[in-house]
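**Student:** Quick one: the structure is below, and I'll ask about it shortly.
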Amino acid sequence: MLGIYLSGTGNTKYCMNLLVKGLEPNAAVMSLDNPNVVKAIEENDVIFLGYPVQFSNAPYMVRDFIHKNPTIWKGRQVFCLATMALFSGDGAGCTARILKKYGAHILGGLHVRMPDSICDNKLLKKSVEKNRETVVKATKKLEQTVISIKKGNYPKAGITFFAYIAGLFGQRLWFYHKTAGYSDRLKIHEACVGCGLCVKSCPMKNLSIKEGKAVPGNKCTMCYACISQCPHKAITLLGKEVKEQCRLDKYL
Ligand SMILES: Cc1cc2nc3c(=O)[nH]c(=O)nc-3n(C[C@H](O)[C@H](O)[C@H](O)COP(=O)(O)O)c2cc1C
Ligand code: SF4
Ligand code: SF4
């Protein structure tokens with residue numbers, strides 16, 4: 001068994017670890033940008049794939065990874081875990097459908113509500129207390145799921161036809177263009193001091209330091225890792241100003 005994930009602010013990483021280590025304490029759990037991830041998938045029959053929902057879709061990097069490695073899924077048993085802040089009709093189904101085309105057998109899907117990783121839009125912000133409550137509920141849900149899977153009952157969230165319709169009409173149809181490719185909308189503001197922390201945190205290697213300032217490329221997967229890490233709140237993406245940065249360690 002292997003757990004693989006994309007996680008910008010730590011939510012999916014946390015959930016994936018609880019799920020996979022709960023099922024098999026010695027199983028490896030790794031980020032999708034780990035250079036050994038393809039080899040690790042080839043060496044395991046059962047894969048748990050996790051990612052944050054973005055506009056009721058899977059992040060482009062995750063879909064791109066699946067398409068760029070079409071042969072590694074054949075015959076593998078895959079469980080899809082999608083974390084989200086509010087709504088995800090078929091977040092888990094968005095990758096399950098692609099994986100099926102490449103020959104994977106889908107074991108099931110799970111949606112887990114976690115704090116919102118978008119931190120440059122004040123409308124979406126919740127208090128630290130509220131986010132703590134959310135994480136407690138998520139933890140309980142994951143513990144219950146482990147018990148259920150151990151009995152052979154895999155949840156099927158997001159992989160039914162009804163879920164597909166909910167995801168499509170609830171959001172994806174209207175926002176599909178936002179996740180149709182990588183983004184070039186990341187902005188670095190004056191406050192940047194060139195510390196390089198964002199460069200290290202980017203799973204897409206989309207940032208570099210030039211003349212003492214961070215410079216973004218056009219391959220952003222909108223994960224919010226750099227935005228939530230920058231000590232000077234100097235990076236924005238969807239909004240204009242960073243409010244309270246979302247980092248899971250604040251809520252544990
Ligand atoms: C670009 C973007 C789009 C998002 N869209 C949705 C969405 O459609 N529905 C939802 O419930 N949450 C949405 N979220 C919230 C994240 O899915 C949620 O906070 C997730 O748990 C973040 O996980 P991570 O810390 O592992 O990246 C979005 C977040 C981002 C950054
Ligand atoms: S983390 Fe922030 S301050 Fe440091 S280089 Fe990146 S943008 Fe600049
Ligand atoms: S540039 Fe920032 S938001 Fe975009 S993929 Fe890299 S870490 Fe994530």
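**Student:** Have a look at K213, K200, K243, K205 and point out the one that is surrounded by fewer than 16 Cβ atoms within 10 Å (Cβ to Cβ) and in contact with a strand residue (DSSP E or B) (Cβ under 7 Å, 6 or more places away or on another chain).
**Tutor:** The match here is K213.
**Student:** Now a separate question. Considering only residues that are away from ligand 2 (no atom under 12 Å from the Cβ) and surrounded by 16 or more Cβ atoms within 10 Å (Cβ to Cβ), look in segment 182-197 and name the one that is nearest to H232 (Cα to Cα).
**Tutor:** Taking the candidates together, the pick is S183.
**Student:** Kindly indicate which of G109, G91 is in contact with an Asp or Glu (Cβ under 9 Å, 6 or more places away or on another chain), open to solvent by less than 30 Å² (accessible area, probe 1.4 Å) and not in a helix (DSSP H, G or I).
**Tutor:** On the way: G91 fails: in contact with an Asp or Glu (Cβ under 9 Å, 6 or more places away or on another chain).
Among G109, G91, only G109 is in contact with an Asp or Glu (Cβ under 9 Å, 6 or more places away or on another chain), open to solvent by less than 30 Å² (accessible area, probe 1.4 Å) and not in a helix (DSSP H, G or I).
**Student:** Okay, next question. Among what's in segment 208-235 and is away from ligand 1 (no atom under 16 Å from the Cβ) and in contact with a Cys (Cβ under 7 Å, 6 or more places away or on another chain), pick the residue that is nearest to N57 (Cα to Cα).
**Tutor:** Here the answer is A234.
**Student:** While we're here: Scan (1) among the hydrophobic types (A, V, I, L, M, F, W, C); (2) touching a residue at least 60 places away in the same chain (Cβ under 8 Å); (3) assigned to a loop (DSSP other than H, G, I, E, B) for the single condition A82 breaks and write down its number.
**Tutor:** Single failed check for A82: (3).
**Student:** Right, another one. In segment 11-25, which residue that is crowded, with 20+ Cβ neighbours inside 10 Å and of a type in the set (S, T, N, Q) is nearest to the chain's Cα centre (by Cα)?
**Tutor:** T12
**Student:** Look at R132 and say whether it is touching a Phe, Trp or Tyr at 6+ places or on another chain (Cβ under 6 Å), open to solvent by 20 Å² or more (accessible area, probe 1.4 Å), farther than 19 Å from E42 by Cα and at pLDDT 95 or above.
**Tutor:** So R132 passes the test.
**Student:** A further question on this structure: Can you tell me which condition I159 does not meet? The list is (1) open to solvent by 90 Å² or more (accessible area, probe 1.4 Å); (2) at pLDDT below 95; (3) not hydroxyl-bearing (S, T, Y), and all the others hold.
**Tutor:** With respect to (1) open to solvent by 90 Å² or more (accessible area, probe 1.4 Å); (2) at pLDDT below 95; (3) not hydroxyl-bearing (S, T, Y), I159 is out only on (1).
**Student:** When you look at G167, is it away from ligand 2 (no atom under 16 Å from the Cβ) and crowded, with 19+ Cβ neighbours inside 10 Å, yes or no?
**Tutor:** When the stated conditions are applied, G167 passes them.
**Student:** Suppose we filter segment 1-33 for residues that are within 20 Å of F65 (Cβ to Cβ) and aromatic (F, W, Y); how many remain?
**Tutor:** Qualifying residue count for the region: 1.
**Student:** Which condition does K126 not pass, out of (1) part of a loop (DSSP other than H, G, I, E, B); (2) in contact with a Leu (Cβ under 9 Å, 6 or more places away or on another chain), if it passes all the others?
**Tutor:** (2)
**Student:** Can you report the number of residues in segment 201-226 which are part of a helix (DSSP H, G or I) and more than 9 Å from ligand 2 (Cβ to nearest atom)?
**Tutor:** 1
**Student:** List the number of the failed condition for C202; all other conditions in (1) more than 12 Å from ligand 1 (Cβ to nearest atom); (2) assigned by TED's automatic domain parsing to the domain that holds D45 hold.
**Tutor:** Evaluating C202 over (1) more than 12 Å from ligand 1 (Cβ to nearest atom); (2) assigned by TED's automatic domain parsing to the domain that holds D45 leaves (2) as the failure.
**Student:** Name, by its number, the condition in (1) within 16 Å of ligand 3 (Cβ to nearest atom); (2) surrounded by 22 or more Cβ atoms within 10 Å (Cβ to Cβ); (3) within 16 Å of I4 (Cβ to Cβ) that does not hold for D64.
**Tutor:** Failed condition: (2).
**Student:** A follow-up question, please. Looking at (1) at pLDDT 95 or above; (2) surrounded by fewer than 16 Cβ atoms within 10 Å (Cβ to Cβ); (3) under 20 Å from the mean Cα position of the chain (by Cα), can you tell me which one F175 breaks?
**Tutor:** (1)
**Student:** Here's something else I'd like to know. Give the number of residues within segment 178-200 that are modelled with pLDDT of 95 or more and assigned to a helix (DSSP H, G or I).
**Tutor:** Residues meeting the conditions: 4.
The values are calculated or read from the model by the stated rules, or taken from the named source; none is laboratory data. In this text the structure is predicted, and so the values were computed from the model without any measurement. Here the Cβ is made from the backbone with ideal geometry for all residues, glycine too, and neighbour counts use every protein chain on show. Surface areas here come from the heavy atoms of the whole protein model, side chains and all, with no ligands, DNA or RNA. Shrake-Rupley method; radii C 1.70, N 1.55, O 1.52, S 1.80 Å.
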